[in-house]
Amino acid sequence: MADLLLLSPLTGWLAPLEETPDPVFAEKMLGDGVAIDPVGDTLHAPCAGLVIGLHHTRHAVSLRADNGAEILMHIGLETVALNGEGFTVHVSEGQRVVAGDRLIGFDLDRLARRARSLVTPIVVTNGEAFEIVGRRTGREVAVGEPIATLRAIGASTTAPAPEGERIERAIRVPLAHGIHARPAATISARAKAFAADISLGANGRSANARSPVALMALGVRCYDDVSISAIGPDAARAVEALATLILHEIDEPAEAEPVSAAPPPPAAVPASETLGRLTGVTAAPGLAIGVAARLIAAEVAVTTASRGAGAEDPALTDALAAVTTRIEAQTLAAPKAQRAILGAHLAFLEDPELVQTARDLIGQGASAGVAWKQAIGGYIELVRGVGDPRIAERVDDLADLERQVLLALSGETAAAAALPKGAILLAHDLLPSQLMDLDASRLAGICTAGGGPTSHVAILAASMNIPALVAVGPGVMTIADGATLILDADAGTLQVGPDQHALALAQTAVAANQNRRQAARARAHEDCRTADGARIEVLANLASLADANAAVAAGAEGCGLLRTEFLFLHRDRAPDEDEQAACYAAIGEALGERPLVIRTLDVGGDKAVDYLPIPPEENPALGLRGLRVSLWRPELLRAQLRAILRSAKANTRIMIPMVASLHEFSAVRAVLDQVRAELPGAPAVKLGVMVETPAAAMTADILCAEAEFVSIGTNDLAQYTLAMDRGNPAVAAEVDGLHPAVLRMIAKTVEGAKQHGRPVSVCGGLASDLAAAPILLGLGVTALSASPAIVPELKALIRTLTLSECAILAAEALSLPSAAAVRERSAARASSKSSLGRGAA
Ligand code: PEP
Ligand code: MG
């Protein structure tokens with residue numbers, strides 16, 4: 001019989017069952033298991049199965065899993081005495097559930113006041129037939145995280161409980177992207193071939209080598225040290241096999257290994273001879289000419305020996321206070337965007353759990369430095385484990401605080417790098433505080449080897465009007481200090497050691513850019529029409545009320561995409577109907593009479609939500625996400641549609657993400673009709689489809705029989721058309737919506753929509769891309785929903801275009817061989833146009 005993976009039914013602290021303050025459980029009178037001290041308020045199913053017991057006082061429930069294991073979950077201790085008060089049951093006896101389904105909701109505050117303990121035992125009551133393996137207690141878990149495996153006794157292919165000598169080997173991981181999903185899966189598959197218990201240890205944590213999820217959660221990066229350890233009959237062979245696999249067989253070669261953990265800077269080579277042009281991902285737009293200045297941050301020394309809690313605890317307090325004071329002082333003088341980031345840092349520093357974890361570690365004998373590193377390391381693991389690249393980029397903020405507090409403990413101060421005037425800063429990674437410490441008046445641009453376009457550094461750079469390119473790769477650090485560079489963040493390129501001609505062109509372009517931006521801002525609030533009179537709507541993508549205000553100020557003519565996820569992420573329960581209605585109404589209010597397109601919830605895939613535990617998926621981007629989540633959790637969809645209808649104005653529309661087939665769209669339409677019938681007086685809001693899958697693009701003619709408008713999500717359409725994960729830095733730079741394959745999808749969408757007279761807009765990243773706008777208009781798109789900041793320039797550009805020249809350009813683009821060729825063609829159009837403009841002036 002196959003092993004059964006138990007997923008955490010609660011968010012909270014996972015502890016050994018023996019630590020339950022009740023001998024009935026602690027002495028395993030009911031069976032073996034684990035205990036969770038919850039911080040959430042809903043008990044979820046830890047696996048698929050049948051509800052076989054539901055206590056009449058609603059505080060306990062038993063499931064029979066498909067492999068016959070019977071699992072009792074008992075919310076809190078002595079909670080039977082509450083007589084059902086504060087519990088809400090979501091299932092009934094005999095009902096079949098799947099992993100992650102809600103079982104019982106409870107009022108955490110009431111329980112905390114009234115119950116003897118919140119600790120919730122999870123016990124296998126027919127333990128004689130099952131053994132529990134792979135338990136890793138003593139850590140935080142979130143709903144849906146694996147907590148243990150149930151193995152039928154006698155069914156295991158492995159030898160009896162492993163015994164014998166523990167074998168260990170340390171290796172340095174040479175994989176370019178560390179142990180990410182693919183290596184983790186390969187390692188776990190290899191580990192399963194051995195009987196021994198095998199674990200990998202890194203960064204102060206350990207993971208069962210058979211669990212790919214646990215392996216990924218180790219957060220192992222290229223050149224991290226990892227220890228492979230095994231116990232059992234074939235332990236030695238297992239350790240060797242995994243070491244060989246990781247060292248030699250997984251085909252993801254890294255650059256040359258650094259000599260030490262803190263390597264000296266690579267020998268600088270005359271860059272122009274070797275590098276020429278590097279490409280990366282735009283984090284903040286703009287063009288700059290400057291000189292290379294590499295930032296090589298030294299490791300902060302951490303004292304490992306503890307002087308005892310009596311000295312280490314106050315040392316931590318002082319260090320935290322020093323960093324807090326420093327950030328508070330910075331906040332006073334900082335502009336708005338920086339204040340928000342500094343505020344987030346202060347909130348992290350004040351996080352009681354984080355500080356308490358560090359103090360507990362000090363109590364257990366760690367030095368303040370080690371304790372802080374470990375405590376924040378745990379947080380970093382959690383954040384990284386969320387799986388959302390945007391959230392994962394918050395790791396930078398935590399790493400920043402790790403560094404600042406360690407610096408304060410060491411008594412050192414971060415020496416701000418002395419920059420030459422007009423510096424283009426080159427760094428492996430840049431932390432927000434490092435950027436804020438720099439003399440911005442000397443900084444012309446930023447270019448990092450790693451990083452992502454939504455990190456706080458990217459936001460800061462944009463707020464400081466400094467062009468920034470990220471994910472350029474390690475080559476960036478081999479550029480000689482002082483080399484002349486042209487950073488074209490709009491085009492995603494860094495040109496090293498350009499010749500005189502290229503320099504002269506760039507200088508002219510920098511001056512022209514400044515003039516152009518000023519002129520665009522002056523006409524930002526006027527209507528937008530092409531030079532031959534076609535009306536093109538320029539809308540904005542929003543994810544908050546603040547965005548709505550910024551969009552109106554920037555001249556946006558409405559909102560073409562409200563990403564409602566912002567209301568649902570980073571909290572422990574979904575916003576209720578009232579909260580949603582109030583929020584949508586406030587955004588509608590900020591937009592006045594302008595149109596507002598509200599997208600229904602688009603979570604799943606790379607956007608994880610704790611309280612909506614999607615069972616582990618091998619390929620989340622192809623699993624439950626977008627509309628599929630809404631259909632999987634219809635109560636959420638209903639609440640959202642009700643909230644939208646309650647807040648709707650004449651210009652409100654609803655749009656559905658991630659549609660692949662008409663029947664999915666029709667299912668939402670049916671719920672919308674039902675909800676509308678329940679709300680007398682609710683307006684008839686138009687329902688549109690987002691085209692983000694090749695399936696939707698190819699069948700737009702079918703979808704548009706029902707969908708009343710279409711908006712193309714080019715971010716996802718590009719990732720699914722090109723089969724390249726938009727969140728994977730190894731391929732992100734190639735996920736370009738201007739690839740002719742994606743453009744053909746757009747053309748097909750317009751063709752299908754036209755058959756039913758449906759308008760087509762674009763709301764993906766391509767809509768904010770000035771190189772793409774003429775092509776999109778040429779393909780028949782009539783509205784662009786872009787990031788608010790680019791609206792003035794987008795309108796200015798459209799005013800210079802005629803639909804006929806756009807159509808010619810689009811037709812050419814469709815037959816070019818690559819995105820790069822399309823970009824080149826578009827750039828050629830722009831430059832011939834601007835030289836014509838100069839000639840005419
Ligand atoms: C898109 O996929 O282009 C889009 C706009 O949706 P999101 O970026 O929110 O996935
Ligand atoms: Mg999308």
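So the values come out like this:
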quantity: Charge dipole (debye, nearest 20) of the chain; +1 at Cβ of Lys and Arg, -1 at Cβ of Asp and Glu; calculated: 2360 debye
quantity: Accessible area of Asp396 in the full protein assembly, 1.4 Å probe (Å², nearest 10); calculated: 30 Å²
quantity: Longest exposed-site-free window of the chain, the sites being trypsin sites (Lys or Arg not before Pro) in a DSSP loop that have at most 15 other C-beta atoms within 10 Å; calculated: 574-841
quantity: 222 nm mean residue ellipticity, helices alone, for the chain (DSSP H n ≥ 4; -39,500 (n - 2.57); rounded to 500); calculated: -11500 deg cm²/dmol
quantity: Estimated distance in nm for a label pair at Ala534 and Ala329, the labels positioned 7 Å out from Cα along Cα-to-Cβ; calculated: 5.8 nm
quantity: Two-site FRET efficiency, Ala81 against Ala129, from Cβ-Cβ distance with R₀ of 35 Å, rounded to 0.05; calculated: 0.65
quantity: Placed amide H near His90: partners under 5 Å, 5+ positions off or other chain; calculated: Ile104, Gly105
quantity: Share of carbon and sulfur in the accessible heavy-atom surface of the chain [1.4 Å probe, %]; calculated: 55 percent
quantity: Residue-span extension gain [Asp66 to Arg571] - 0.36 nm each, minus C-alpha spacing; calculated: 178.6 nm
quantity: Under Karplus coefficients 6.51, -1.76 and 1.60, residue-wise ³J(HN,Hα) of segment 625-635 in Hz, glycine/proline x; calculated: 8, x, 3, 5, 5, 4, 6, 6, 10, x, 5
quantity: Sparse-neighbour loop sites [GluC sites (Glu not before Pro); segment 560-626; at most 10 other C-beta within 10 Å; DSSP]; calculated: Glu593, Glu618
quantity: Volume of the Cα convex hull of the chain, divided per residue and given in Å³; calculated: 179 Å³
quantity: Heavy atoms of Thr120 accessible to a 1.4 Å probe, total area in Å² rounded to 10; calculated: 0 Å²
quantity: Where Leu401, Leu503 fall by accessible area, highest first, once all protein chains stay in place (1.4 Å); calculated: Leu503, Leu401
quantity: Principal-axis tilt of helix 803-814 within the chain, Cα atoms, nearest 10 degrees; calculated: 50 degrees
quantity: Distance between modelled label sites at Leu545 and Ser410, nm, 7 Å Cα→Cβ extension; calculated: 4.4 nm
quantity: Distance in nm between pseudo-label sites at Glu18 and Ala48 (7 Å out along the Cβ direction from Cα); calculated: 3.5 nm
quantity: Cα-based Rg of segment 546-608 normalised by 2.2 N^0.38 Å, two decimals; calculated: 1.18
quantity: Top positive-direction residue, dipole computed over the chain with Cβ charges, set Leu320, Ile479, Cys559; calculated: Cys559
quantity: Bridge type composition, the chain - antiparallel percent by DSSP, nearest 5; calculated: 65 percent
quantity: FRET E, pair Phe348, Ser804, Förster distance 51 Å, beta-carbon r, rounded to 0.05; calculated: 0.40
quantity: Accessible surface, per residue, of the chain when the full set of protein chains is kept, probe 1.4 Å, Å²; calculated: 42 Å²
quantity: Modelled FRET efficiency - R0 25 Å, Asn715 with Val510, Cβ distances, 0.05 increments; calculated: 0.30
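The values are calculated or read from the model by the stated rules, or taken from the named source; none is laboratory data. Just so it is clear, the structure is predicted and the values come from calculations on it, not from any experiment. Positions of Cβ are generated from backbone atoms using ideal geometry, with glycine treated the same way; all protein chains shown enter the neighbour counts. When the accessible area is computed, the model is the full protein with side chains, heavy atoms only, and any ligands, DNA or RNA have been set aside. Shrake-Rupley method; radii C 1.70, N 1.55, O 1.52, S 1.80 Å.
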